[in-house]
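Colleague: This is the structure I have questions about; it appears just below.
What follows draws every value from the coordinates through simple rules; no lab data is involved. Keep in mind that what you see is a predicted model, and the values were worked out from it rather than measured. As a convention, Cβ positions derive from the backbone with ideal geometry for all residues, glycine included, and neighbour counts pool all protein chains shown.
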Amino acid sequence: MIDFQGLLNNIHDDLKTREDKGVVASYIPELSKQDVNTLGLYMQHIDGRSFSAGDAFTPFSIQSISKVLALSKAIAFEDNKIWERVDVEPSGNPFNHLSLLELENGIPRNPLINAGALVIADILVTHLENPKEDFLQYVRNIANDQSIKYNFKVADSEERTGFNNFAAAYLLKSFNNLNNSVDDVLDFYFHQCAIEMSCEQLSKAFYLFANGGQCMQGNQHIPIQQAKRINAIMLTCGFYDEAGEFAFEVGLPGKSGVGGGIVALLPNNFILATWAPGLNPRGNSLIGMQALEQFTSQTNLSIF
Ligand code: GLN
C-alpha cells in the first residue's frame with residue numbers, strides 16, 4: 001500500500017525549498033499579486049480517500065483549467081456536434097496563438113487553446129439561460145461545493161488587457177464560427193477563467209473525468225465515451241506547446257492554468273491538483289510540473 005500522505009509531504013518539503021520557482025503571470029495584472037512561494041497539493045483517490053499538503057484549501061484563479069469544465073458542459077449540450085466547430089489536434093503552439101490563421105475554415109486546432117475555448121464559450125452562451133450564473137452552478141455541482149465563486153477583479157483585469165483574446169474572437173467571428181456577439185462571448189470567457197477554486201475543489205470537480213463521466217455524487221454528467229475523449233484531449237493539448245514534455249515527464253492527462261494550477265488524473269485511480277503560481281517560459285507551473293513528475297515517478301502511477 002502506497003503511503004500517499006508521506007509522499008505528498010516529502011514532495012512538498014522538497015519543492016518548497018527550491019530556489020527557481022518560475023515567474024508569476026503578469027499579463028493579467030491581478031494575477032501578478034500572487035506569492036511565488038505558495039505550494040499546495042491535493043490528491044483525491046477514486047475510492048474516496050484524500051490527502052493534502054501545503055496550501056491545498058486556498059482558492060486561486062483557475063484560468064485555463066476552466067476550459068476542461070466548459071468543454072464537458074458543451075459536450076453535455078451538443079455531444080459530438082461540437083467537433084464540427086473545433087478540432088482535436090495538438091497545436092504545438094502557445095495557448096494564445098491565433099492558430100486558426102493557419103487554417104482556411106476558421107476551425108481552431110483544439111478546445112484547450114484560447115481560440116478553441118472561445119468557440120466552446122460561444123456554445124455555452126447559446127445554451128445556458130443565464131450563462132455566467134448557470135456555468136458557475138455547474139462547477140459548484142460537480143465539485144459538490146456551493147462556496148465556489150468568481151473573482152470579478154480578475155475578470156475585469158483581463159477584460160481590460162485581453163487584446164489577444166479580442167483578436168481571436170473577432171477572427172472567429174469573421175469565419176462565422178461565433179454565433180453570439182464577440183462581447184458576450186469574451187465576457188463569459190473572462191469570467192469562466194476567473195473562477196477561483198482550491199486544489200481540493202479542483203480535485204473533486206475533476207473526479208468525473210477519472211470516473212467515466214460520473215461525479216462524486218453519482219450523477220452521470222457526460223457519457224463514458226466522452227470522458228475518454230476529454231482525457232485524450234487533456235493529454236495531447238492540455239499543456240499547449242509543452243504537452244509532449246508533460247506526457248514524457250508525468251504521463252497523465254492534465255490541464256494547467258496561468259494562475260499556477262495544474263490538475264492531472266489517472267482514470268479509475270486518482271486526481272491530483274497542484275498550485276504553485278510561478279510559471280515556466282511556456283506558461284505552465286514550474287513547481288507544479290515537478291511535483292507531478294515526482295509523484296508519478298515514485299508511485300509508478302501513470303497511464304504508461
Ligand atoms: N484567461 C487566460 C487567457 O485567456 C487563460 C490562459 C491560461 O491559463 N493559459 O489568456
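Colleague: Quick one: putting +1 on the C-beta of Lys and Arg, -1 on the C-beta of Asp and Glu, what dipole do you get for the chain around its Cα centre, in Debye to the nearest 20?
Modeller: 320 debye
Colleague: Assuming R0 = 25 Å, can you tell me the calculated FRET efficiency for the pair M1 and S147, based on Cβ-Cβ distance, to the nearest 0.05?
Modeller: After rounding to 0.05, the efficiency reads 0.15.
Colleague: Placing +1 at every Lys and Arg Cβ and -1 at every Asp and Glu Cβ, with all other atoms neutral, what dipole size does region 213-304 have around its Cα centre, in debye to the nearest 20?
Modeller: So the dipole magnitude of region 213-304 works out to roughly 300 debye.
Colleague: Moving on. May I ask for the angle, rounded to the nearest 10°, between helix 163-174 and the longest principal axis of the chain, with both axes built from Cα atoms and the value confined to 0 to 90°?
Modeller: Between the helix axis and the principal axis of the chain, the angle is about 50 degrees.
Colleague: Report the charge-dipole magnitude of region 16-132 in Debye, nearest 20, computed about the Cα centre from +1 at each Lys and Arg Cβ and -1 at each Asp and Glu Cβ.
Modeller: 380 debye
Colleague: Per-residue ellipticity at 222 nm for the chain, helices alone: DSSP H runs ≥ 4 residues times -39500 (n - 2.57), over residue total, nearest 500 deg cm²/dmol?
Modeller: So the calculated ellipticity at 222 nm is -13500 deg cm²/dmol.
Colleague: Here is a follow-up. Could you order the peptides 230-241, 125-136 from most to least packed, using the average number of other C-beta atoms within 10 Å per residue?
Modeller: 230-241, 125-136
Colleague: Ok, one more. Name the residue from T58, N151, I222 whose Cα lies farthest towards the positive end of the charge dipole of the chain, charges +1 on Cβ of Lys and Arg and -1 on Cβ of Asp and Glu.
Modeller: Result: I222, furthest along the dipole toward the positive end.
Colleague: Would you mind pulling out the separation of the Cα centroids of region 275-304 and region 1-71, in Å?
Modeller: 10 Å
Colleague: What shape does the chain have by the C-alpha gyration tensor, where a ≥ b ≥ c are the square roots of the eigenvalues, rounded means a/c under 1.5, and otherwise prolate means a/b greater than b/c and oblate the rest?
Modeller: prolate
Colleague: How far is helix 4-16 tilted, in degrees, relative to the longest principal axis of the Cα atoms in the chain, given as a value from 0 to 90 rounded to the nearest 10?
Modeller: Helix 4-16 and the main axis of the chain meet at about 80 degrees.
Colleague: Something else: Select from S256, F4, F246 the residue farthest towards the positive end of the dipole of region 4-299; place +1 on Cβ of Lys and Arg, -1 on Cβ of Asp and Glu, and compute about the Cα centre.
Modeller: F4
Colleague: With the crude spin-label approximation of a point 7 Å out along Cα→Cβ, what separation in nm comes out for S181 versus R49?
Modeller: In this crude label model, S181 to R49 measures out at 5.4 nm.
Colleague: Another question, if that's okay. Using a basic spin-label model with each label point 7 Å from the Cα along Cα→Cβ, how many nm lie between N164 and K33?
Modeller: About 2.3 nm, to one decimal.
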